[in-house]
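The values are calculated or read from the model by the stated rules, or taken from the named source; none is laboratory data. Just so it is clear, the structure is predicted and the values come from calculations on it, not from any experiment. Here the Cβ positions follow ideal geometry from the backbone for every residue, glycine too, while neighbour counts run over all protein chains shown.
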Ligand SMILES: Cc1cc2nc3c(=O)[nH]c(=O)nc-3n(C[C@H](O)[C@H](O)[C@H](O)COP(=O)(O)OP(=O)(O)OC[C@H]3O[C@@H](n4cnc5c(N)ncnc54)[C@H](O)[C@@H]3O)c2cc1C
């Protein structure tokens, strides 16, 4: 039996991000992944929203993604484009980048951090006791961990074995997605009809002046809605014949499809785990929530779950914080995904085509062309408005910390660079040395700096300049100072554990 402090099941985007976060915190973490390598059948998610790019920037790895993707205005609601180029962020855009490439970048990062990954190994069950979890693998091996995290996707075995409910809504729409070659030249682009939404495009593309320009050659990515929802379940394995029939039903031809590299089915089944934790077992990503891909929020929400959970789990494993800190993971992240599920169901309804829904869509489109509704919805879709309820107070409290250009005694510094190693930061913008956090100095970095710019948050606009800010490793603000130290010791204890005795 091999021991680790934390075992993660699944090396998808969520599991990889969580492994990176735990490794940065110095935790002995390992991943178990059924796939033999990081190759992904099909391309799945098409990119990243602004907040996820910020999250990667907080760890110093955003450039790896930006270098490979296509920067574009990707935020939208039911395919109604929402421009965020005037948003107060260093990344007022999204990134077109297929999931297989996102995963490879994350896997390289996790590899650089030295996380062991048991590849080609499948978890078949587990048993938890008061001190840890025994994890069974299909090949007869066993692992033991203090905590087990199921990042094993929508059909999560960990969720089922933990007996955690997955309430929600059965599918009403079923789509096939495939990468294929075609004998005939297809009509590329999006089509709507009585059956639903369909799209044909090449896997390789560029964005020029906001327009997607497909390469002249290469595999075609097909997304076609089926006439019927015959398959209950998140996905099931479809055949070339089913794809051909679905294409003929919509386009009158299957364009001579051949040599598929992938064909899969997805639906608008919408479900969420009723609890994100059962004692020593936690869930994150698709294991905790599934929904239709419209709006492109699934992978993004999973990566952000991981960034919320990672530092908390690390502190509990290291004994710096009590186990109750883990309850805040459910309290903070369950409402975020619940909102994603609601907005996705609303978008799915708007994608239907009949005269009445078309009229409703026109009305929503007109509303979203107005500045305030556009900002609100764009902030929701890009993840820039996420607010954890940490009580009343300054508007920054519980929200994402902006990436300020600071001036320190050692020269200029971007705030996000202070978060690269995933440690909390107390940023003092008042009198240097005026805050004393000696009992937490082993855990919290303290920085004296000056900032002369404005304080602007997405949607909310300008907020009062604080004199100090306590920033959690996930980039959310845990305490805001107004020239006094009032409440700081409580916030430090809540989030980073009790004070060390002098
Ligand atoms: C067509 C489509 C388009 C999408 N577009 C977008 C988009 O544009 N933007 C977006 O944000 N999201 C999008 N999504 C959603 C996105 O793909 C998922 O939300 C994302 O993959 C979830 O990541 P995850 O790591 O939680 O789970 P997964 O990616 O499902 O990873 C789970 C991993 O666990 C492994 N595993 C499972 N069971 C076991 C086991 N028992 N033992 C060992 N390993 C196991 C699997 O092999 C897999 O590698 C799209 C999805 C689809 C289907």
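Quick notes
- Every residue from the stretch 1-42 that is more than 11 Å from the ligand (Cβ to nearest atom) and at pLDDT below 95: 1, 2
- Every condition in (1) assigned by TED's automatic domain parsing to the domain that holds residue 81; (2) crowded, with 23+ Cβ neighbours inside 10 Å; (3) more than 16 Å from the ligand (Cβ to nearest atom) is met by residue 324 except one, and the failing one is (2).
- Flag for residue 409 being free of Cβ contacts under 8 Å to residues at least 60 places away in the same chain, surrounded by fewer than 20 Cβ atoms within 10 Å (Cβ to Cβ) and out of contact with any strand residue (DSSP E or B) (no Cβ under 9 Å at 6 or more places or on another chain): no
- Residue check, residue 252 more than 14 Å from the ligand (Cβ to nearest atom) and either under 29 Å from the mean Cα position of the chain (by Cα) or free of Cβ contacts under 8 Å to residues at least 12 places away in the same chain (or both): yes
- Residues that are at pLDDT 90 or above and within 16 Å of the ligand (Cβ to nearest atom) number at least 2 in the following strands (runs of 3 or more DSSP E) confined to the stretch 182-235: 197-202, 220-225.
- Flag if residue 36 is surrounded by fewer than 20 Cβ atoms within 10 Å (Cβ to Cβ) and in contact with a strand residue (DSSP E or B) (Cβ under 9 Å, 6 or more places away or on another chain): yes
Table: residues versus (1) on the phi < 0 side of the Ramachandran plot; (2) modelled with pLDDT under 90; (3) out of contact with any helix residue (DSSP H, G or I) (no Cβ under 8 Å at 6 or more places or on another chain).
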| site | (1), (2), (3) |
| --- | --- |
| 243 | yes, no, yes |
| 251 | yes, no, yes |
| 255 | no, no, no |
| 273 | yes, no, no |
| 278 | yes, no, yes |
| 303 | yes, no, no |
